[in-house]
Amino acid sequence: MALADWYTADPPPKTGTYRPFLPFANALRAAKEGIKLSSGGTLATICSRKHEIALITSMTKLVILEYPDPRLRNKARPVAKVDAAARQLMDDMLETMYASKGIGLAAIQVNVPQRIIVLDVSESRDQPLVFANPEIVKSVGLVPGEEGCLSVPGFYEKVKRAEHVVVRALGRDGKPFEMAADGLLAVCVQHEIDHLDGKLFVDYLSELKRQLIRRRLEKDRKVRAETRVNRAPVSAI
Ligand code: K1U
Ligand code: ZN
């Protein structure tokens, strides 16, 4: 999402002529959701009134590739340094994951071949986790669990994964850390690391199931593309 560039401290009056000012609405949401404001406040005129504003760090909702897009098979390269560009990518990925109602996302899914994954398996959706160069250094047990994938929309299948894992990675601050995971977190971490190696959960299914999923998604995409053409204004055809 192209988040607001501005935050206004004082909302414009709700008169009959007032129409929602999108950047303002987004900015309020951003502020509520805890997105950082820059310190440089200034003044702007909105609806003939002066408002205090401050810059907000902009974020972007990225496009998620869909199976069987061959770019999902690319292998991600290690992140050399967690710099500002890597942090921006992490933030954009989190934004994309939350907007898509996912619990994880790998950079490969947004066509960036870097070893970065983001997750939030909390019910409150307020515990983001960010991993650069994640590696599983310990795994114990093998259990089946239901999996979905934002790149394979609408399909949920059982896959066997390690029950407990320990992940080593660099955090958003570039510092190394280790985290033990089990339950949904363990499943999700393994699913996301697979993405970085060009692997999808459908690869654990039978050829027959994979084909069925691929055909359905290809058909859906065709229908969507035809609907877009039919709805396009005459001047655009
Ligand atoms: O990588 C992805 O595409 C995200 C994926 C992560 C994931 C979900 C479930 C098991 C393993 C990995 C999703 O977020 S799919 C959509 C979803 O929100 C979900 C699906 C099943 C259970 C819980 C959540
Ligand atoms: Zn996935």
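Just so it is clear, none of the values below were taken in a lab; they were calculated from the coordinates. Everything quoted here is computed from the prediction, not taken from an experiment. Quick reminder, even Gly has a Cβ in these numbers, built from the backbone with ideal geometry, and neighbours come from all protein chains shown.
Assorted remarks:
- For region 219-231, the Karplus equation 6.51 cos²θ - 1.76 cosθ + 1.60, evaluated at θ = phi - 60°, returns couplings of 5, 4, 5, 4, 4, 4, 5, 5, 4, 5, 5, 4, 8 Hz by residue, with Gly and Pro reported as x.
- A full extension of the chain between Ser206 and Arg71 corresponds to an added length of 46.4 nm, given 0.36 nm per residue minus the alpha carbon distance.
- The relative contact order of region 116-190 comes to 28 percent, based on Cα pairs under 8 Å that sit 6 or more residues apart.
- Between region 191-237 and region 149-170, the alpha-carbon center distance in angstrom: 19 Å
- Each residue of region 185-195 was assigned a 3J(HN,Hα) from its phi angle through the Karplus expression (A = 6.51, B = -1.76, C = 1.60, θ = phi - 60°), giving 4, 5, 4, 5, 4, 5, 4, 6, 5, 4, 4 Hz with x at Gly and Pro.
- Sparse-neighbour loop sites [GluC sites (Glu not before Pro); region 63-131; at most 13 other C-beta within 10 Å; DSSP]: Glu123
- For Arg216 and Ala85, a Förster radius of 35 Å and the Cβ-Cβ distance give a FRET efficiency of 0.45, rounded to the nearest 0.05.
- Under-5 Å amide H pairs with Gly104, H placed in peptide plane, nonlocal only: Asp120
- If the segment from Ala99 to Lys160 were pulled out straight at 0.36 nm per residue, it would be longer than the present Cα-Cα gap by 19.2 nm.
- In plain terms, the chain from Lys199 to Asn230 could stretch by 7.6 nm, reckoned as 0.36 nm per residue minus the Cα-Cα distance.
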